[in-house]
Amino acid sequence: MPLIVNGQAAALPEPPTLQNLLDVMAPMRPYAVARNEEFVPRTEYANCELTDGDRIEIVHPSAGG
């Protein structure tokens, strides 16, 4: 089973870390990331190992009020 990134299937990068996934996807900055509905601090991206079926959400801040 692949990863689910923002509701879409995606392949696991090698090695399977959140940092490698973000390097491949290259989302526009700024953004925040959640893995399986838990916020992941930017300092943990390289240490966050991904597994099949993980749900990753990459969100961008928006202005409003």
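The values are calculated or read from the model by the stated rules, or taken from the named source; none is laboratory data. Fair warning: this is a prediction, and the values are worked out from it, not measured in the lab. Glycine gets a Cβ as well: all are built from the backbone with ideal geometry, and neighbour counts include every protein chain shown. Side chains included, ligands, DNA and RNA excluded: accessible areas come from the protein's heavy atoms. Shrake-Rupley method; radii C 1.70, N 1.55, O 1.52, S 1.80 Å.
Summary table below
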item	result
Sum of side-chain charges, residue 36 neighbourhood, beta-carbon under 13 Å (Lys, Arg +1; Asp, Glu -1)	-4
Residues whose placed amide H lies under 5 Å from that of residue 12, excluding near-sequence neighbours	3
Rel. contact order, % - alpha carbon contacts under 8 angstrom, at least six apart, the chain	45
The chain, accessible area per residue, ligands and nucleic acids excluded (1.4 Å, Å²)	68
Built amide H within the under 5 Å cut-off of residue 54, gap 5+	4
When region 13-65 is reduced to its Cα atoms, the Kirkwood hydrodynamic radius in Å	11.6
Cα-only radius of gyration and Dmax that characterise region 1-42, units Å	10.2, 29
Linear extension gain, residue 43 paired with residue 26, 0.36 nm per residue minus alpha-carbon span	4.4 nm
Estimated vicinal HN-Hα couplings, Hz - region 18-29 in sequence order (Karplus 6.51, -1.76, 1.60; Gly, Pro = x)	4, 4, 5, 4, 5, 4, 6, 6, 6, x, 5, 8
5 angstrom amide H check on residue 17, placed H, neighbours 5+ away	50
Neighbour cut-off at most 10 other Cβ (10 Å), DSSP loop, GluC sites (Glu not before Pro), region 1-62	37
